[in-house]
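Here is the structure we will look at.
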Amino acid sequence: MTGHRPPHLKVDKPWGRFEQYTHNLPSTVKIITVEPDGRLSRQYHHRRDELWVVLDDGIEVELGEEVFRPSPGEELYIPRGTVHRLSGVGEGAARILEISFGEFDEEDIVRLQDVYGRAGSDVGTVLPPRTRKRGAAQTAEA
């Protein structure tokens, strides 16, 4: 499946519609929240492709050398090996739905640049997550 976007199905129903992003494929689904002025690593992956669905305003995306600000509902397919970065540029936190296809492993992150000091000598390694409590739930920073 390398480099091939999985089929995306939209089905109309009497009550509205549903959208199906994956069906019987190995995948991992996350919602990534980026705080204002937050930036993920400039990175790529060897063993997974990603599909991002923008959920909120305030997202900036770098894909290769292109930089743009997608609107909620826009979809971005990121084949393995593609350099990418996600940043929060709005007044509040912004989210994307990320669906990873292939072998998901946090150690498959090759960091090229990172504002939190995680690139360089620690490329391809995972630092212990910092957790902070939000109500009853805990979140780990990626």
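What follows is calculated from the coordinates using simple rules that are stated; it is not laboratory data. A quick note: this is a predicted structure, and the numbers were derived from the prediction, not measured. All Cβ positions, glycine included, derive from the backbone under ideal geometry; neighbour counts span all protein chains shown.
Of note:
- Positive-pole candidate from VAL34, GLY90, PHE101, dipole of the stretch 26-117, charges at beta carbon: PHE101
- Long-range HN-HN contacts of ILE78 with modeled amide H, under 5 Å: GLU50, LEU51, TRP52
- Among TYR116, TYR44, sorting on how many other beta-carbon atoms sit within 10 Å of each Cβ, with the fewest leading, yields TYR116, TYR44.
- Summed residue charge, Cβ within 12 Å of ASP108's Cβ, Lys/Arg positive, Asp/Glu negative: -2
- Amide H partners (placed H, <5 Å) of VAL115, local residues excluded: none
- From largest to smallest, the equivalent ellipsoid semi-axes obtained for the stretch 10-54 from the alpha-carbon gyration tensor read 28, 18, 7 Å.
- Dipole magnitude of the stretch 26-117 about its Cα centre (Cβ charges: Lys, Arg +1; Asp, Glu -1), debye to nearest 20: 140
- Descending Cα extents along the principal axes, the stretch 1-90, whole Å: 41, 30, 20
- Fully extending the segment from SER71 to VAL115 would add 13.4 nm, taking 0.36 nm per residue of separation and subtracting the current Cα-Cα distance.
- Here the Karplus curve 6.51 cos²θ - 1.76 cosθ + 1.60, taken at θ = phi - 60°, turns the phi angles of the stretch 82-90 into couplings of 7, 6, 8, 8, 10, 9, x, 10, x Hz, with x standing for Gly and Pro.
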